[in-house]
Structure formats: C-alpha cells, structure tokens
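Structure first, commentary second.
The values are calculated or read from the model by the stated rules, or taken from the named source; none is laboratory data. Only a predicted model underlies this, so the values are computations on that prediction, with no experimental measurement involved. Positions of Cβ are backbone-derived with ideal geometry, glycine not excepted, and every protein chain shown enters the neighbour counts. Just so you know, the surface numbers come from the protein's heavy atoms only, side chains and all, with ligands and any DNA or RNA stripped out. Shrake-Rupley method; radii C 1.70, N 1.55, O 1.52, S 1.80 Å.
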Amino acid sequence: MSVGALILSIAVNWIFIPNKTVTGGVSGIGILLYYTIGLPITYSQLLFNIPLFIAGVKWLGGKTFGVKTLYGILTLTFFLWLTEPLIHHPLTTNPLLASIYGGLTLGLAIGLVFRAQGSTGGTDLLARLFQKATGVSPGVLLLFIDGSIIASAGIIFNVERILYALISLFVTSKTIDFIQQGFSQAKLAYIISRHDKELQDAVLFNLNRGITRLTGVGGYTGEERPIFMCVVQQSEVSKLKNLVREVDPQAFVIVTDAHEVLGEGFTRLPVP
C-alpha cells in the first residue's frame, strides 16, 4: 500500500497536474480545484477523503476496513505533499504522452494498493456508500462520478482534455487488470481425444504435469467424450502439442492464458 501510494502521488504531481490531464476520482477533483481556486491537491485529498472515511466506518463498518483505509488516505496525503515540487519539473509536456504514461503509472499504483487489499479512499468509497443507500451497482456509480469529473475538465480547460482523459482512463484500467492478474506465465489446455489412456500417460510421465479428466457431450453427435484439462508453463506448450499430435493427430486442442496458477508445480498457495 505504501509503494502504491508513493507511485500514485508521483503520477499525479509529476505527470497529471503539469499537463492538466484529469483522472477519475478524488485526484481528478483535486486537479480541477488546483487550477480553478489554487487549492493544493494535498488539502483537497483530506477535504474529501476524511468525511468519506468517517461515513464509511459508520455505515460500512469493519475494523480492518477502517485501519487500512485510514492508513491509505494518510499515506497518500503525505506522499502528495512530499512530491509536490515535481509539479514544476514534469516528466513530459506532451499531453498524449502524459495520458499514456500517466495512465500506466496510475494503474500500477492502484493495482498495488488493490493487491494489498487496501484503499486510498476516493470515489470508490463514495460509490460503496451510495450502493449501501440506494442499491445501485458501484460500477454504474463510478462511471457516472468519473464521467462527471472528466466532463468538468472539458468545461474548465477544453474539450480536447476530455479525449486525453479517456485515453488515460483506458490505460489505467488495463494496467490495473494486468497488475491484479499478474504475468501470464502459464497456459491452460483443453484436449478432446478418444485416446484417453495414451494421452493421459503421455502428459503424466513424458511431460511430468498433472492432468484432469472431465466428461463432455458432443453437441452434434450426443456422444460422451473425455476432455482433458492441463496447465503447463509457457515454455512447455510446444512439447504438449507435439505429445498430443503423436498420440492422436485428430485431437481437438484449445490453449489459453492462465493467470496466477497456484498449487503443486507452480506458485505455492499463500499461507493464511
């Protein structure tokens, strides 16, 4: 959470504010207030997040939620204050580059905070409070809130800033997904073959990988057929396909990405 808060503050002060590129959430509101009334983003973070935190503790409850959220808010506020001089020495003055690399940096920061199961407050907390009161999905509320913030940027600056903000939001969301899911170092293979025993032995003993047998029914023929599921390292995909080809050239194979594979032969299961 601390590393994520530091990176987030660098993204805001070093990239977003100097380029008038608005993000979603409280940071986006802070950037607008910085340019309209000159309020430093450090203060706007506290101004919005502390009341949200108090309301969250009261209505959402949970000791862990309270401690982690307060820590996230205070840590982010401190780092925003610490990195404030970066506003005068921006990474780039090109708004397109700022949108792309700002989105990457912001996505990395938020992804790290999410992986720590933490929060830095902001509009996601506001959305959860509204959900509690209205029952409306947080995703819908966040879309409305962030959309309103970005639309305000078009009014305060110019319409072009909305386009840059949308690029930044897209890059941020994709980066968050990437950080959450991790590197795709494994592949998941589904194999449909009539040579079940031979295929099973080939994977178990030649590839030294586990294999799970499922039962499927052909949509056209209505026949029962075995479906094998196997997870392998990316470097083992070619060997797996060659094994399948040797056992059954007519086999049907589907290979797709597998994210965060936990268990024997891969990453160890986390200790609770």
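Out of I100, I87, I110, I73, report the one residue that is free of Cβ contacts under 8 Å to residues at least 60 places away in the same chain and part of a helix (DSSP H, G or I).
Every option except I73 fails the conditions.
I'd like to verify a number: residues in the stretch 211-265 that are surrounded by 14 or more Cβ atoms within 10 Å (Cβ to Cβ), under 27 Å from I179 (Cα atoms) and touching a helix residue (DSSP H, G or I) at 6+ places or on another chain (Cβ under 8 Å), how many?
The qualifying residues number 4.
In the stretch 163-184, which residue that is open to solvent by less than 60 Å² (accessible area, probe 1.4 Å) and modelled with pLDDT under 75 is farthest from V26 (Cα to Cα)?
If we take residues in the stretch 163-184 being open to solvent by less than 60 Å² (accessible area, probe 1.4 Å) and modelled with pLDDT under 75, then S184 is farthest from V26 (Cα to Cα).
Report yes if L214 is outside any helix (DSSP H, G or I), in contact with a Pro (Cβ under 8 Å, 6 or more places away or on another chain) and modelled with pLDDT of 90 or more, otherwise no.
In short, yes.
Test each condition in (1) modelled with pLDDT of 90 or more; (2) surrounded by fewer than 18 Cβ atoms within 10 Å (Cβ to Cβ) for V159 and report the one that comes out false.
With respect to (1) modelled with pLDDT of 90 or more; (2) surrounded by fewer than 18 Cβ atoms within 10 Å (Cβ to Cβ), V159 is out only on (1).
Among the listed residues S27, S44, S9, S2, identify the single one that is over 19 Å from A153 (Cβ atoms) and open to solvent by less than 30 Å² (accessible area, probe 1.4 Å).
S9
Report yes if D248 is closer than 22 Å to A186 by Cβ and of a type in the set (D, E), otherwise no.
Here the answer is no, as D248 does not meet what is asked.
List the pairs whose first member sits in the stretch 190-201 and is open to solvent by 50 Å² or more (accessible area, probe 1.4 Å), whose second member is of a type in the set (A, V, I, L, M, F, W, C) and assigned to a loop (DSSP other than H, G, I, E, B), and whose Cβ atoms are under 6 Å apart, counting only residues at least 6 apart or on separate chains?
Q200/I211
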